[in-house]
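The values are calculated or read from the model by the stated rules, or taken from the named source; none is laboratory data. Bear in mind that the values here come from a model prediction, so they are computed numbers and not experimental data. Here the Cβ is made from the backbone with ideal geometry for all residues, glycine too, and neighbour counts use every protein chain on show. These area figures cover heavy atoms from the full protein model, side chains too; ligands, DNA and RNA do not enter into them. Shrake-Rupley method; radii C 1.70, N 1.55, O 1.52, S 1.80 Å.
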Amino acid sequence: LVIQTSDNAHLFISKALLIFNSEFFRNALSDSLPAESYQNLPLLPVEENARTMVAVMQLCYPIHISPAETLIAAVPVMQALRKYIMDKAERRLLDVVQADLLKKYPLRWFAIARSYGCDDLARRAAKQTLRVPLSEWEEAEELRLINGLDHHRLVDYFKRSGQAA
């Protein structure tokens, strides 16, 4: 099977792997194959770009995942994982985050976790923000994902935890 991304990249992937990892693709590909083809293989166009889909597909394979690459495309990857109902791959992404990225980028991951309803990860990220003085919190693009109330609650948590210590 070939996945054609929005930027016209062609990703060759096993149909069985897609079906195993995604309820969406299981339903879409169980009855028939796409009518279009590329190099005599069924062609499946998607709305996501190549960077996002490569990251999504890597999360489906039992290979090493680079934490740096995970951070670069985290938001569109989470969107795609949710869109294509890829629960196993999403759990793997969250495992990579907790193992390698949470301590380094707690504010970013708090925002991402809150916006996608990953409450356990959001709590862990909030705890990690306590390691950085409030005045040194980074200005992260991902903060646009949360509302003012979530940000206020995080700052309040930070202040209350500092007073308790």
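In the Gaussian network model of the chain, springs joining C-alpha atoms below 10 Å, which of ARG91, ARG153, ARG26 carries the largest mean-square fluctuation?
ARG153
Please calculate the 1.4 Å probe accessible area of LYS83, with all protein chains present, and give it to the nearest 10 Å².
The accessible area of LYS83 comes to roughly 80 Å².
Rounding to the nearest 20 debye, state how big the charge dipole of region 1-148 is about its Cα centre with +1 on each Lys and Arg Cβ and -1 on each Asp and Glu Cβ. Display every interim value, and only then the final one.
Values: 17 positive and 18 negative charges, 97 e Å.
Rounded to the nearest 20 debye, it is 460 debye.
Picking from GLN58, LEU101, GLN39, whose Cα lies most toward the positive end of the charge dipole for the chain (charges on Cβ: Lys, Arg +1; Asp, Glu -1)?
Of GLN58, LEU101, GLN39, it is LEU101.
Quick check for you: with a 1.4 Å probe and neighbouring chains kept, what is the accessible area per residue of the chain, in Å²? Before the final figure, lay out each step's value.
Details: 9410 Å² over 165 residues.
Each residue of the chain exposes 57 Å² on average to a 1.4 Å probe.
Suppose we keep just the DSSP beta bridges with both residues in region 1-88; what percent of those would be antiparallel, to 5? Numbers along the way, then the final one.
On the way: 5 of 8 bridges.
Rounded to the nearest five, the antiparallel share is 60 percent.
In degrees from 0 to 90, rounded to the nearest 10, what is the angle of the helix 50-60 Cα long axis to the longest principal axis of the chain?
Orientation of helix 50-60: about 90 degrees from the principal axis.
Helix 87-96 sits at what angle to the longest principal axis of the chain, using alpha carbons and giving 0 to 90 degrees rounded to 10?
40
When the accessible area of region 43-142 is split by element with a 1.4 Å probe, what percent falls to carbon and sulfur?
Values: 2540 of 5080 Å².
Ligands and nucleic acids excluded, carbon and sulfur reach 50 percent.
Would you indicate which of [x] 115; [y] 106; [z] 292 is the value of volume of the Cα convex hull per residue in Å³ derived from the coordinates of this structure?
Looking at volume of the Cα convex hull per residue in Å³ for this model, the match is [x].
Please build a GNM for the chain, connecting alpha carbons under 10 Å apart, and tell me which residue among GLU136, GLU23, GLU48 fluctuates the most.
GLU136
Out of LEU93, LEU154, LEU134, any idea which swings most in a Gaussian network model of the chain, alpha carbons joined below 10 Å?
Looking only at LEU93, LEU154, LEU134, the largest GNM fluctuation is found for LEU134.
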